[in-house]
Amino acid sequence: MQFDFLQNRQFALKFGGFLLLAAITCAFYLDLCGLYFQCGCRSWWAGAATQCNIHHAGVKHCPLCMLPLHESLAFIVLILTAQGHLIRRGRWLWAAIAFPLVAGLEALALGWYRGYWA
Ligand SMILES: [Zn+2]
């Protein structure tokens, strides 16, 4: 078996890019929650979900923050899967856009399903 340096370098570049995008996705995940649901969620380093409306009685609760842990992880895994797939095909820009786009579609579906905006 021959060591293909160029191919390995390209793989390392894509894998590194994926790790970077995954880190950004996880870091700003709650910011998008706050943006899409206007629930009060903030960055992890600015209070996270302490101001989320799930802590207030008499208001509709943020459907994303109400998810059990395994469903919340599935929410993130779907975004990361889309990013990984796009990076593998060399679509870097779409991989970066996939975070707000896929998260937005998921949030829209979840909010609609739970009647958050009704
Ligand atoms: Zn929230």
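Only the coordinates and a few stated rules stand behind these numbers; no lab work does. In this text, all values refer to a predicted model and were calculated from it rather than measured experimentally. Positions of Cβ are backbone-derived with ideal geometry, glycine not excepted, and every protein chain shown enters the neighbour counts.
Being more than 16 Å from the ligand (Cβ to nearest atom) and surrounded by 15 or more Cβ atoms within 10 Å (Cβ to Cβ) is the requirement here; does Ala82 meet it?
yes
For Ile87, are the conditions met, namely being within 10 Å of the chain's Cα centre (by Cα), in contact (Cβ under 8 Å) with a residue 40 or more places away in the chain, closer than 30 Å to Gln7 by Cα and more than 13 Å from the ligand (Cβ to nearest atom)?
no
If I filter region 25-35 for residues that are outside any helix (DSSP H, G or I) and closer than 21 Å to Leu110 by Cα, do I get at least one hit?
The answer is yes, given that some residue of region 25-35 is outside any helix (DSSP H, G or I) and closer than 21 Å to Leu110 by Cα.
So, Arg9, is that one over 28 Å from Gly115 (Cα atoms) and of a type in the set (D, E, K, R) or not?
Spelling it out, Arg9 is indeed over 28 Å from Gly115 (Cα atoms) and of a type in the set (D, E, K, R).
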